[in-house]
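The values are calculated or read from the model by the stated rules, or taken from the named source; none is laboratory data. Just so it is clear, the structure is predicted and the values come from calculations on it, not from any experiment. Backbone-built Cβ (ideal geometry, glycine too); neighbour counts: all protein chains shown. Side chains included, ligands, DNA and RNA excluded: accessible areas come from the protein's heavy atoms. Shrake-Rupley method; radii C 1.70, N 1.55, O 1.52, S 1.80 Å.
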Amino acid sequence: MARAIWKGAISFGLVHIPVALNTAVRTERVDFDWLDKRSMEPVGYKRVNKVTGKEIDKDNIVKGVEFEKGRYVVISEEEIRKARPETTQTIDIFSFVEAGDIPLQHFDTPYYLTPDRRGGKVYALLRETLEKTGKVALATVVLHTRQHLALLRPLDHALVMITLRWPEEVRGLETLELDASVTDSKVEKRELEMAKRLVEDMSGPWKPEDYHDAFRQTIMDLVEEKASKGKIEAVEKGDTGAAEKGADILDLTELLKRSLGGKKPVKKTRKAS
């Protein structure tokens with residue numbers, strides 16, 4: 001049973017609905033703990049043996065996954081490297097589904113996608129195709145050494161990629177304690193009409209510029225105030241340049257023909273400029 005992480009109420013107008021907030025997902029990532037390989041005792045991130053309190057050399061630290069309470073299986077760095085997905089620098093579309101078929105609780109992190117290196121025409125084609133068919137593209141992508149399930153969908157003139165939770169990471173509604181007062185509730189017509197009228201009275205257009213993080217604004221105002229008084233510290237930043245990879249170039253019509261024929265297109269490589 002999932003534990004409530006917050007309790008309060010939904011409020012609109014003079015109506016308050018007491019609610020409990022529950023996590024809709026659970027993290028299934030492998031959690032490596034540092035261990036002293038000589039004694040299998042846990043090691044803190046300051047390389048301190050949590051049992052003896054003594055610092056240990058990094059050569060005596062191994063990674064372990066807790067298999068049972070207090071019992072670990074040691075995984076070597078080589079085994080971890082082999083298990084990691086290959087970084088392909090590609091977003092691999094493998095299917096298309098109806099835009100409304102994916103439940104919201106599967107959504108994770110959104111990203112904008114923009115065309116690069118004369119890729120605008122194909123970018124626009126995919127965007128328009130998704131728009132006209134009402135589909136979203138399902139894909140896999142490796143980000144920060146972790147493979148993600150993702151969807152691509154059009155947004156105005158752009159494409160958006162949203163990483164998705166793996167199915168085993170999403171808790172089902174059966175983990176909630178919804179009793180008969182909710183599942184078998186008989187709402188009176190008069191109450192429903194009044195609630196609908198209240199919703200309509202409070203309805204308006206979505207204006208994101210009307211909403212602000214008050215905490216962040218307070219901190220930034222404080223930064224401005226201190227900066228105006230000369231309370232600024234200089235921090236040097238290193239230059240972190242990233243190498244770019246050249247795009248494969250092939251006639252678009254030919255690519256589409258080969259794709260429809262079930263043939264894999266022959267890649268033409270081009271050196272990065």
Quiz item: With labels modelled as points extended 7 Å from the Cα through the Cβ direction, what inter-label distance (nm, one decimal) is found for Lys207 paired with Ile61?
Solution: 5.3
Quiz item: Stretched out fully, how many nm does the piece from Val74 to Leu192 gain, at 0.36 nm a residue minus the Cα gap?
Solution: 36.6 nm
Practice problem: Roll a 1.4 angstrom probe over the protein heavy atoms and tell me the percent of accessible area of segment 66-212 that is carbon or sulfur. | Solution: 54
Practice problem: Run through all the Cα pairs of segment 113-175 and give the fraction in each 5 Å bin from 0, expressed as whole percent. | Solution: 4, 16, 21, 20, 16, 12, 6, 3, 1, 1
Quiz item: What whole-number value in Å² describes the accessible area per residue of segment 25-155 for a 1.4 Å probe?
Solution: 72
Quiz item: Among the GluC sites (Glu not before Pro) within segment 66-126, which fall in a DSSP loop and have no more than 14 other Cβ atoms within 10 Å of their own Cβ?
Solution: Glu86
Quiz item: Quick one, what does Rg over Rh come out to for segment 41-178 if you take C-alpha atoms and the Kirkwood Rh?
Solution: 1.14
